[in-house]
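Report on one structure; see the data block that follows.
Every read-out reported here was derived from the displayed coordinates using simple, explicitly stated rules and does not represent laboratory data. Everything numeric here is computed off the predicted structure, so don't read it as measured data. Please note: Cβ atoms are built from the backbone with ideal geometry, for glycine as well, and neighbour counts cover all protein chains shown.
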Amino acid sequence: MNTSLEVQLLDSEFALQDYFAYQNLLSAVDWNALNIANWEALYPDRPKVDFQIAHNNKAIVLHYTVEEQFIKAQYVRPNEAVWEDSCVEFFISFDNKEHYYNLEFNPLGTGLIGYGTSDKQNRKRLSAEDIRTVETFTSVTSTLSAKRWSMVLVIPLSVFSQSSIDSLSGNEFHANFYKCGDNLPNPHFISWTKIDNGTPNFHLPEYFGSIVFK
């Protein structure tokens, strides 16, 4: 299945200072469902997750909304094991899937960012200083039946320091989007594009979809 989406160009400096301002900025941007449970037989939980993505040629802005039974946010330092918390992830390749960045964030805005090939032993983590250049804005609500959290990430192009990216418009790259929570009471591994692998593994760029920057 060939999965693709268009990334809208916005006339904004992305200099807003709260979640609701970004929610308003993105009000006309298309929503995308993040709903493929590739390992449903082992991990049947399927939280409701949707995302928006846009850019201004200097940064990418991502907006996730998540509705799930439990929210966990334990890790507070960059490059800690945020995938064990309630976690949203964005993997992107600028060189036709040879190398890619993995950006992983929990509801506290704690981030992990790595770069390299799909050989996990040789992937490198970005510095805490670089990770902190990604601004995050979160909103959390709770009802009797479920908890809902939403997060905006503003990712400057400087984060992609291992790639020669001066502008995004007019380019097609490859990416996948994920929601996980390895140490939640009901762990799950949800993706935007289908992953054909026997066990949970998001580090498979051959299953990335295409994203076209307008």
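Fewest Cβ neighbours within 10 Å first, please rank L5, L153 accordingly. Display every interim value, and only then the final one.
Working: L5 16, L153 23.
Sorted ascending by nearby Cβ count, the order is L5, L153.
Just how large is the dipole of the chain about the Cα centre, in debye to the nearest 20, putting +1 at every Lys and Arg Cβ and -1 at every Asp and Glu Cβ? Please report the intermediate quantities before stating the final value.
Details: 16 positive and 26 negative charges, 58 e Å.
My answer is approximately 280 debye.
So what is the relative contact order for the chain, in percent, with contacts set as C-alpha pairs under 8 Å and at least six apart?
Values: 496 pairs, mean separation 59.5, N = 214.
Normalised by residue count, the contact order of the chain is 28 percent.
Quickly estimate the mean residue ellipticity at 222 nm for the chain, helices only: each DSSP H run with n ≥ 4 gives -39500 (n - 2.57), and the total goes over all residues, rounded to 500. Don't jump to the answer; show the numbers that get you there.
Working: 2 runs with 11 residues, N = 214.
Counting only the DSSP helices, I get -1000 deg cm²/dmol.
Please name whichever of S118, G209, A15 sits farthest to the positive end of the charge dipole of the chain, dipole taken about the Cα centre and charges placed at Cβ: Lys and Arg +1, Asp and Glu -1.
Farthest towards the positive pole: S118.
What ³J(HN,Hα) values, in whole Hz, does the Karplus curve 6.51 cos²θ - 1.76 cosθ + 1.60 give for the range 10-27 when θ = phi - 60°, with x put for Gly and Pro?
Each residue of the range 10-27 in turn: 10, 8, 8, 7, 6, 10, 6, 10, 8, 4, 5, 5, 5, 4, 5, 4, 8, 4 Hz.
Can you check how the C-alpha radius of gyration of the range 43-138 compares to 2.2 N^0.38 Å, as a plain ratio? Before the final figure, lay out each step's value.
Details: Rg = 13.9 Å, N = 96, 2.2 N^0.38 = 12.5 Å.
Here the Cα radius of gyration is 1.12 times the empirical estimate.
Any idea what the relative contact order of the range 122-161 is, in percent, if you count C-alpha pairs under 8 Å spaced at least 6 apart? It would help to have the intermediate numbers written out before the result.
Values: 35 pairs, mean separation 15.6, N = 40.
Dividing the mean separation by the residue count of the range 122-161 yields 39 percent.
Cβ under 12 Å from A15's Cβ, A15 left aside: what net charge do those residues give with Lys, Arg +1 and Asp, Glu -1?
On the way: positive: K58; negative: E13, D18, E135.
It works out to a net charge of -2.
Neighbouring Cβ atoms within 10 Å as the yardstick, rank Y101, Y19 fewest first. Present the calculation step by step, with values, prior to reporting the outcome.
Details: Y101 22, Y19 17.
In increasing order of surrounding Cβ atoms, one gets Y19, Y101.
According to the Kirkwood expression over distinct Cα-Cα pairs, how big is the hydrodynamic radius of the chain, in Å? Walk me through the intermediate numbers first.
On the way: mean 1/r = 0.0579 Å⁻¹.
Result for the chain, one decimal place: 17.3 Å.
When Rg is the radius of gyration of the Cα atoms in the range 1-105 and Rh is its Kirkwood radius, what does Rg/Rh come to?
My calculation of the ratio gives 0.96.
What is the order of S4, S139, S27, fewest Cβ neighbours within 10 Å to most?
Details: S4 12, S139 15, S27 8.
So the residues, fewest neighbours to most, are S27, S4, S139.
Determine, for each peptide in 195-203, 10-18, 45-53, the mean count of other beta carbons within 10 angstrom over its residues, then list the peptides with the highest first. Provide the component values of the computation, followed by the final result.
Details: 195-203: 13.9, 10-18: 12.3, 45-53: 19.3.
Ranked from most to least packed, the peptides come out as 45-53, 195-203, 10-18.
Pick from N96, N183, N24: which residue has the top mean-square fluctuation in a GNM of the chain where Cα pairs under 10 Å get a spring?
Of the options given, N24 has the highest mean-square fluctuation.
Step by step: find N for the range 80-198, compute 2.2 N^0.38 Å, then divide the Cα radius of gyration by it. What's the final number? Mind dumping the intermediate values first?
Values: Rg = 15.1 Å, N = 119, 2.2 N^0.38 = 13.5 Å.
Scaled against compact globular proteins, the figure is 1.12.
Check cross-link reach from K147 to the lysines: straight Cα distance under 28 Å, and skip same-chain residues fewer than eight apart.
Reachable lysines: K48, K72, K179, K194.
PRE reach from E206 (point 7 Å along Cα→Cβ): which of the range 105-124 fall under 20 Å by backbone N?
Counting backbone N atoms under 20 Å from the label point, the list is 116-123.
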